[in-house]
Amino acid sequence: MGKFRKASFAIGSLMLLAMSVATPATAATFDGQWNVQIASSHSACGGGASVSIGISNGQVASTNAMMTASGRVAEAGTISVTLVSGIKRAVGFGHLTGTSGSGTWRGTMCQGTWTAQKI
């Protein structure tokens with residue numbers, strides 16, 4: 001039984017390693033600068049905004065000193081991102097293709113949609 005556990009652990013470890021190595025290469029398809037248009041579905045939340053984010057090896061990072069962006073793009077283009085500006089925080093989910101994307105976002109008291117274009 002001990003040999004079986006060691007073999008199972010080794011196989012499981014190799015599978016995890018293979019997935020972690022393969023995912024960034026595929027997610028790298030989305031690497032680059034993206035212009036994101038944010039719209040709110042409630043007028044009290046403002047008319048919207050435009051932000052620029054960068055994606056590198058499937059990891060989302062901000063390119064604007066006024067806000068911080070973090071998140072991840074999966075190999076199929078599914079994206080999850082968190083934007084923080086001062087005390088405001090919003091989370092967004094959606095899907096990217098090679099040059100565009102769209103999804104929804106939600107903050108503490110506001111929500112809406114977003115669209116993105118690769119720059």
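Just so it is clear, none of the values below were taken in a lab; they were calculated from the coordinates. Remember, predicted model here, so these are calculated numbers, not experimental data. Reconstructed Cβ throughout: ideal geometry from the backbone, glycine too, with neighbour counts over all protein chains shown.
For segment 27-118, what ratio Rg/Rh do Cα atoms give with a Kirkwood hydrodynamic radius? Before the final figure, lay out the partial values.
On the way: Rg = 12.2 Å, Rh = 12.9 Å.
Result: Rg/Rh = 0.94.
What is the sum of charges around GLN111, taking Lys and Arg as +1, Asp and Glu as -1, for the other residues whose C-beta is under 14 Å from the C-beta of GLN111?
On the way: positive: LYS88, ARG89, ARG106; negative: none.
Neighbourhood net charge equals +3.
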